[in-house]
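Structure record follows, encoded as structure tokens.
The values are calculated or read from the model by the stated rules, or taken from the named source; none is laboratory data. Small disclaimer: the values here were computed from a predicted structure and weren't measured. Cβ sites come from the backbone with ideal geometry, for glycine too, and all protein chains shown count toward neighbours. Areas reflect the complete protein model, heavy atoms only, side chains present, ligands, DNA and RNA absent. Shrake-Rupley method; radii C 1.70, N 1.55, O 1.52, S 1.80 Å.
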Amino acid sequence: MTSHAIVFHVYGDPDVLQLHTFPVPEPSANQVLVRIRAAGVQPFDVQFRKGLMAERYPASFPQKIGNEFAGTVEKIGDEVTRFKSGDAVLGWVVLAAYAEHVLVSEATLTHKPPQMPWEEAGALTASGQTALTALDALQVGPEDVLLVHAAAGGVGSFAVQLAKARGARVIGTASPGNHAYLQSLGTEPVSHGEGLAERVLELAPQGVTASLVAVGNEEALRVSLKVTKNPERIRTLAFHPLARQLGIAWVGSERSLERLEQLVQFYEKGQLKVHIQEAFPLKDAAKAHRVMEKGHVRGKLVLLP
Ligand SMILES: NC(=O)c1ccc[n+]([C@@H]2O[C@H](COP(=O)([O-])OP(=O)(O)OC[C@H]3O[C@@H](n4cnc5c(N)ncnc54)[C@H](OP(=O)(O)O)[C@@H]3O)[C@@H](O)[C@H]2O)c1
């Protein structure tokens, strides 16, 4: 039996992403074979495809891509205990999710609630865990006024909702077209661009208590420094040379089953919504990357294998 996956043979523009045919793999003792129904697209994927991550994540061509997915368990290894064939699951993997099939350890999967649509389940597991990791690093709690830069993006949309669920007041930056969206997530919107610090201080005259930078630009870093009472409570998810210079710490995404299960619980309680801007057939991964490269996705993009 054969299966399809997106691969690329050289770093380059979106057109290097090609659909390839592979034999369906067999699970080893502790592995689960998942038939993927939806896979999220992340800025990381774009950076990886361009070769910008080559130092930390060198490609091995033909290279697969994609880190988050949801699907149906097709086959299990002899030692798998938590899943059976036919179960609906969501999970994460390293560089393999733009595909019809993926082999993963059962420790990276959890059960998908029946009411969670495939598209939403496929787009939650990596970006959602990034948002949770960042809030944990900032120790966001009910006393906080949190500023989130790029609040309407994939990570930002999850971060603002998870911070609200912790009882924080949340201010988020976005262009005016995304303000109603942010309000629907319980976030006070401010437009990025000149005068951002003043607009934030109009909303929070004493300054904010914590700040999450989810966009790689100078304005977000400088404004955070200006409006955050304690600069030690600023974290950036995006690499930017200025961050180190300004003493702003970078936060990386940590993955765990516990975090994934927390996200599912927030979703089930109605505290976490997943906005899908657009879904693409798997073969159109290049189109999805072109949209992502423009830098203005609201919520998430997904591929449907
Ligand atoms: N450290 C890690 O482990 C880790 C993990 C995941 C992601 N990241 C990084 O975190 C960042 C966010 O990821 P993501 O998935 O949320 O990206 P994304 O979905 O592509 O973010 C898109 C959002 O960025 C906003 N935006 C664009 N220009 C902006 C500006 N000048 N100021 C403020 N917002 C702006 C857009 O809002 P408007 O259209 O309203 O402008 C849009 O909603 C990326 O740099 C990514 O590489 C890091």
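Details
- Divide the volume of the convex hull around the Cα atoms of the range 127-250 by the residue count and you get 85 Å³ per residue.
- Among the protein heavy atoms of the chain, carbon and sulfur supply 51% of the accessible surface, probe 1.4 Å, non-protein parts ignored.
- Here, the range 175-305 has an Rg and a Dmax of 17.0, 50 Å when only alpha carbons are counted.
- Shape category assigned to the range 211-257 from the gyration tensor of Cα positions, a/c cut at 1.5: prolate
- Using the Karplus relation 6.51 cos²θ - 1.76 cosθ + 1.60 with θ = phi - 60°, the per-residue 3J(HN,Hα) values for the range 107-120 come to 6, 10, 10, 9, 6, 8, x, x, 7, 8, x, 3, 4, 5 Hz, with x marking Gly and Pro.
- The residues of the range 127-250 have, on average, 40 Å² of accessible surface per residue, using a 1.4 Å probe with all protein chains present.
- Amide hydrogen neighbours beyond the local backbone of Ser175, cut-off 5 Å, H modeled: His192
- The HN-Hα couplings worked out from phi for the range 78-94 by the Karplus form 6.51 cos²θ - 1.76 cosθ + 1.60 (θ = phi - 60°) are 4, 9, 6, 10, 8, 9, 9, 4, x, 5, 8, 9, 9, x, 10, 7, 9 Hz, whole numbers, x standing for Gly and Pro.
- Springs join every pair of Cα atoms under 10 Å in this Gaussian network model of the chain, and among Ala88, Ala243, Ala159 the largest mean-square fluctuation is at Ala243.
- Per residue, the Cα convex hull of the range 113-156 amounts to 99 Å³.
- Note on Met1 and Arg35: the extension gain reaches 11.0 nm, defined as 0.36 nm multiplied by sequence separation minus the Cα-Cα distance.
- For the range 214-223, 3J(HN,Hα) computed residue by residue from phi via the Karplus equation (6.51, -1.76, 1.60; θ = phi - 60°) reads 10, 8, x, 9, 5, 4, 4, 5, 5, 5 Hz, glycine and proline entered as x.
- Note on the chain: with a GNM built from Cα contacts shorter than 10 Å, the maximum mean-square fluctuation among Gln115, Gln183, Gln42 falls on Gln115.
- Computed from the Kirkwood radius of its Cα pairs, the Stokes-Einstein diffusion coefficient for the range 180-219 at 25 °C and 0.890 mPa s stands at 213 µm²/s.
- Classified by the C-alpha gyration tensor, the range 10-138 has an oblate form. Its axis ratio a/c, with a ≥ b ≥ c, is 1.5 or above, and a/b does not exceed b/c.
- Binned Cα-Cα distances of the range 88-177, short to long, each 5 Å bin given as a whole percent: 3, 13, 20, 19, 16, 14, 10, 4, 1
- Listed residues Pro23, Phe61, Ser85: farthest to the positive end of the dipole of the range 20-88 (Cβ charges): Phe61
- Fraction in percent of alpha-carbon pairs per bin - 20 Å, the chain: 35, 56, 10, 0
- Lys84 exposes around 130 Å² of accessible area when a 1.4 Å probe is run over every protein chain in place.
- Within a Gaussian network of the chain (alpha carbon springs, distance under 10 Å), most fluctuating of Gly12, Gly156, Gly66: Gly12
- Cleavage-rule hits (chymotrypsin sites (Phe, Trp or Tyr not before Pro)) in the range 118-202: DSSP loop, at most 15 neighbouring Cβ within 10 angstrom: none
- From helices alone, the chain scores -8000 deg cm²/dmol at 222 nm; the rule is -39500 (n - 2.57) for each run of n ≥ 4 DSSP H residues, then divide by the residue total.
- The chain, dipole about Cα centre (Lys/Arg Cβ +1, Asp/Glu Cβ -1), debye to the nearest 20: 280
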